[in-house]
Number of protein chains: 2
Amino acid sequence: LSLSKRLPGEFELIARYFAPLSAGFAGAFGLTDDAAVISPTAGHELVLKSDAIVCGVHFQVDDPADLVARKALRVNLSDLAAKGAEPRAYMLDLALPGTTDEAWVAAFAHGLAEDQKRYQIHLIGGDTDSTPGPITIAISAFGEIDAGRMIRRAGARAGDKIFVTGTIGDAAFGLRVLRGELRGVGATGAQFLIDRYRLPQPRVSLGPKLVGLATAAIDISDGLLADLRHICDVSELCARIEAQRVPLSEAARTALAVKRDLIALVLSGGDDYEILFTAPASVTAGVMQLSKNLDVPITEIGEMLPPSAQEEPVEAIDAAGRALQVESEGWRHF
Amino acid sequence: LSLSKRLPGEFELIARYFAPLSAGFAGAFGLTDDAAVISPTAGHELVLKSDAIVCGVHFQVDDPADLVARKALRVNLSDLAAKGAEPRAYMLDLALPGTTDEAWVAAFAHGLAEDQKRYQIHLIGGDTDSTPGPITIAISAFGEIDAGRMIRRAGARAGDKIFVTGTIGDAAFGLRVLRGELRGVGATGAQFLIDRYRLPQPRVSLGPKLVGLATAAIDISDGLLADLRHICDVSELCARIEAQRVPLSEAARTALAVKRDLIALVLSGGDDYEILFTAPASVTAGVMQLSKNLDVPITEIGEMLPPSAQEEPVEAIDAAGRALQVESEGWRHF
């Protein structure tokens, strides 16, 4: 049955574009079998994460296909990194509308190939389906970690310092630029922000090094405050961050200089895929040394606090110590 | 951000309907973390399979949500079974349109819960997204097998007998009944065929017992001939099946009595989720004993042949030994 005149058959598509992505991983059987096999190295266990992105929701129909592929992959690698795991392999469920042409699939596979090289991972399974709806990409990623050492959301302690990698808010600003809702950041700034939205840079090299330092970690996908709240919820603590310490890119600083209210977007916008983690003050020097060694910016932005009766566990304060009123829920799908 | 007024928020949905499905699997962390951990039992490895189903393609918008959930899960368990693996856990990526109401999600989760009990598996991760398109359900399933013992598609040898479980063609007939294209099977027969289409019965108890007996195996999802062809392709062999030996349900026999041409649909229709496997004649008695012990019908339907120059490696013959002309490609998505 042929549902799209614009594409080769399902098996040809797999043979031409996806099977080559499994080369080098014995348990993928060249994508010629019904399932793959994987085994963690002795003393390790597998860390599993699955996340989907949908055209019109997480990316736009005219986004370059190679960037879409890399974003789909990277949002999963980002979770593995935040958990301290080394990425190894992934499976891909790709649902394509009849309007998809072969060039799109070729560019999509090319994007995956690039990131496979960068992150030393392999495609080991999945399927390709037709859909009457938009392109939908579900990826399941598998990483490896010393048994019992996954960095949890739970685990933060009162008094722990709160750290973030990189700069925060760029992706949310990038989406506003794409929508024509944010101006005044210059052409270079605009492109930088758009790139940050379209292509996350998961902290894959840093994540595994945080094992033994971080008491809790999460990647920032829902938004800084929302993700910190996730840590508070399961660690049963409160948290305070100092808004003026939240690291900003030059483009984000330019935007804030025009409109100070945008700090709310920095704190609540999602999709940065930086790592937010907590660690005792005693290891701050170690954290900063790691930052230097790996050339990954890490900034201390606040502190975990004992639980309190207030409904909202996360407080953001300004330079004068006043609480900022920010909608802290971040991105929700419903 | 709320994309559907008809559903609770994403986190509430997870807490209410999906987190309970993770209870009993420590590495799922109650779905309160970003990833899960899993480790195969000593001496075992994990078998991984991912498959998606899309509303309007693999199921219909008015199909009961609990059956949709169970079908989404079972098509993956069927692959694990065909590979000889014991199922352990799965991840779920669920994309829902704004028209979805909470009752649908509740029924969907209820269906998962039922099958979790039946197959002794747990939900350990995934995500819930909104989509402007149809309901899309991607499931990644994880099973366990003695290291190195996965039953491959490759591995069949010339002279091996070809076996199938259960009855063949029912699901394809069921779909025709639903479409109003097949009549004359009676109300009971029609319901039986529809049930076979809507709710596969993966051969989970049998699969692991085939390790050491079967030389190659696949579950019948694309169609008997197409799936046998997959085995031929990677085993580099040909195959012949005797159409009159293909096991039929009473309802399918009734349909064939009305219209003999429907044998083509039996041979090429998909979605039966029975296991097709090859085994040397020397173990036939063992296979039949297994069939009896587990109360799973197993029928010998043909034989693997040496490779030949002909383009189509699979031949189906009738009772007189004449080759049947059947489109053998089965279901393709493009």
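Read-outs: derived from the displayed coordinates by stated rules, not from any lab. Just so it is clear, the structure is predicted and the values come from calculations on it, not from any experiment. Heads up, the Cβs are rebuilt from the backbone with ideal geometry, glycines too, and the neighbour counts pull from every protein chain shown.
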| remark: Per residue, the convex hull enclosing the alpha carbons of the protein assembly as shown has a volume in Å³ of 152
| request: Take the Cβ-Cβ distance between B:Q310 and A:K259 as r, set R0 to 60 Å, and report the resulting FRET efficiency rounded to the nearest 0.05. | output: 0.25
| query | B:D33: net charge of surrounding residues, Cβ under 9 Å, Lys/Arg +1, Asp/Glu -1, itself excluded? | reply | +2
| request: Grab the other residues whose beta carbon is less than 12 angstrom from that of A:S249, score K and R as +1, D and E as -1, and report the net. | output: -3
| field | Relative contact order (%) - chain B, alpha-carbon pairs under 8 angstrom, separation at least six | value | 22
| note | Charge tally for neighbours of B:Q60 with beta carbon under 12 Å away, counting Lys, Arg as +1 and Asp, Glu as -1, is +1
| field | Calculated from backbone phi, Karplus (6.51, -1.76, 1.60) coupling profile of the stretch B:56-62 in Hz, x at Gly/Pro | value | x, 10, 9, 8, 10, 4, 9
| task | Starting with the fewest neighbours, write out A:T32, B:T41 ranked by other beta-carbon atoms found within 10 Å of each beta-carbon. | result | B:T41, A:T32
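How would you rank B:V37, A:V75, B:V246, A:V61, going from fewest to most other Cβ atoms within 10 Å of each one's own Cβ?
The order, fewest Cβ neighbours first, is A:V61, B:V246, A:V75, B:V37.
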| request: Take the Cα atoms of the stretch A:174-323, build their convex hull, and give its volume per residue in Å³. | output: 124
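Could you put B:L77, B:L290, A:L228 in order, starting from the residue whose Cβ has the fewest other Cβ atoms within 10 Å?
Values: B:L77 29, B:L290 16, A:L228 32.
The order, fewest Cβ neighbours first, is B:L290, B:L77, A:L228.
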| remark: Quick shape summary for chain B, equivalent ellipsoid via Cα gyration tensor, semi-axes whole Å in descending order, reads 36, 25, 16
| remark: The convex hull of the Cα atoms of the stretch B:112-188, divided by residue count, gives a volume in Å³ per residue of 255
| task | Using a 10 Å cut-off on Cβ to Cβ distances, tally the other chain neighbours for every residue of B:37-44 and report the average as a whole number. | result | 5
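Strictly over 27 Å apart at the Cα level, which of B:K49/B:K209; A:K71/B:K49; A:K83/B:K83 would you flag in this model?
Beyond 27 Å: A:K83/B:K83.
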| query | So who's got an amide H within less than 5 Å of the one on B:G126, skipping anything under 5 residues away but keeping other chains? H placed 1.01 Å off N, in plane. | reply | A:S50, B:L92
| 222 nm [θ] for chain A, helices only, -39500 (n - 2.57) per DSSP H run of 4+, per residue, to 500? | -9000 deg cm²/dmol
| message | Let me test this: with uniform point scatterers at the alpha carbons of the stretch B:45-127, what is the Debye-based log₁₀ I(q)/I(0) at q = 0.14, 0.15, 0.24, 0.25 1/Å? | response | -0.47, -0.54, -1.31, -1.40
| Given A:G212, A:P20, A:G321, which one lies farthest toward the positive end of the charge dipole of chain A, if we put +1 on the Cβ of every Lys and Arg and -1 on the Cβ of every Asp and Glu? | A:G321
| Could you state the number of Å between the C-alpha centres of the stretch B:146-225 and the stretch B:77-139? | 21
| field | Whole-number D in µm² s⁻¹ for the stretch A:88-145, Kirkwood Cα-pair radius fed into Stokes-Einstein, 25 °C, 0.890 mPa s | value | 200
| Debye, to nearest 20: dipole size of the stretch A:20-70, +1 on Lys, Arg Cβ, -1 on Asp, Glu Cβ | 140
